[in-house]
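Peer 1: What follows is a single structure, and I will ask about it in a moment.
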Amino acid sequence: MEEKKEKKLKSLVAVDGSEVSKKAVILSARFAAKTGVHLTLLHVLEDVIRYDKVPETWKYYLREQQAKKILEEAKKLAEENGAKDVDTRIAVGPVAEEIVRIAEEGDYVSIIIGTRGRSPLKKLLLGSVAEKVVLYAHCPVVVVR
């Protein structure tokens, strides 16, 4: 009889360097410390380049370096709050879509994301990344304020 390999539970934490994002990292790290859940810290570089313009490599490089710094700080914060199994990832594209896609493809059991709590008018005009993630995610989403 074959033994089934135990599947490791994973949570995806969206990180953008904001204070509310740091709260989401702390919350998820404390949860991971108690449950042994693997954390992936994700920073999405929003792809705002239009097809009629050639991307400037140095601008992307600077954004990528900033993303790496944000993720380094978030990983350190997660480990300081008890998380043992943490990795980082950078993605490029529409933020909410990338979070949902990566969570689904990576078979994550939850998504943790911070929200700034914009006014209803700003949400109507700009949309909310957290709101879109909640609407389209295949798994539970924890929204931290």
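Peer 1: So which residues in segment 37-58 are modelled with pLDDT of 95 or more and not aliphatic (A, V, I, L, M)? Break it down stepwise before answering.
Peer 2: Residues of segment 37-58 that are modelled with pLDDT of 95 or more, as a first pass: 37-44.
Within segment 37-58, 38, 40, 43 meet the criteria.
Peer 1: Here's a follow-up. The conditions are (1) within 19 Å of residue 22 (Cα to Cα); (2) modelled with pLDDT under 95, and residue 92 fails exactly one of them. Which is it?
Peer 2: If we test residue 92 against (1) within 19 Å of residue 22 (Cα to Cα); (2) modelled with pLDDT under 95, just (1) comes out false.
Peer 1: For segment 93-114, enumerate the residues that are farther than 11 Å from residue 12 by Cβ and under 12 Å from the mean Cα position of the chain (by Cα). If you could, list the steps in order and put the result at the bottom.
Peer 2: First, pick out the residues of segment 93-114 that are farther than 11 Å from residue 12 by Cβ: 93-97, 114.
Those that are farther than 11 Å from residue 12 by Cβ and under 12 Å from the mean Cα position of the chain (by Cα): 95, 96, 97, 114.
Peer 1: Restricting to segment 59-72, and then to whatever is modelled with pLDDT of 95 or more and surrounded by 14 or more Cβ atoms within 10 Å (Cβ to Cβ), can you tell me which residue is nearest to residue 88 (Cα to Cα)?
Peer 2: Per the criteria, the residue is 71.
Peer 1: Which residue is modelled with the lowest pLDDT, if the candidates are limited to segment 106-134 and must be surrounded by fewer than 18 Cβ atoms within 10 Å (Cβ to Cβ) and either under 22 Å from residue 68 (Cβ atoms) or of a type in the set (Ser, Thr, Tyr) (or both)?
Peer 2: We begin by selecting, within segment 106-134, every residue surrounded by fewer than 18 Cβ atoms within 10 Å (Cβ to Cβ); these are 106-107, 109, 116-127, 131-132.
This time we only want the ones that are either under 22 Å from residue 68 (Cβ atoms) or of a type in the set (Ser, Thr, Tyr) (or both), so: 106, 119.
Values: 106: 96, 119: 59.
Among those residues, the one meeting the criterion is 119.
The values are calculated or read from the model by the stated rules, or taken from the named source; none is laboratory data. Source: prediction; values computed, not measured. Heads up, the Cβs are rebuilt from the backbone with ideal geometry, glycines too, and the neighbour counts pull from every protein chain shown.
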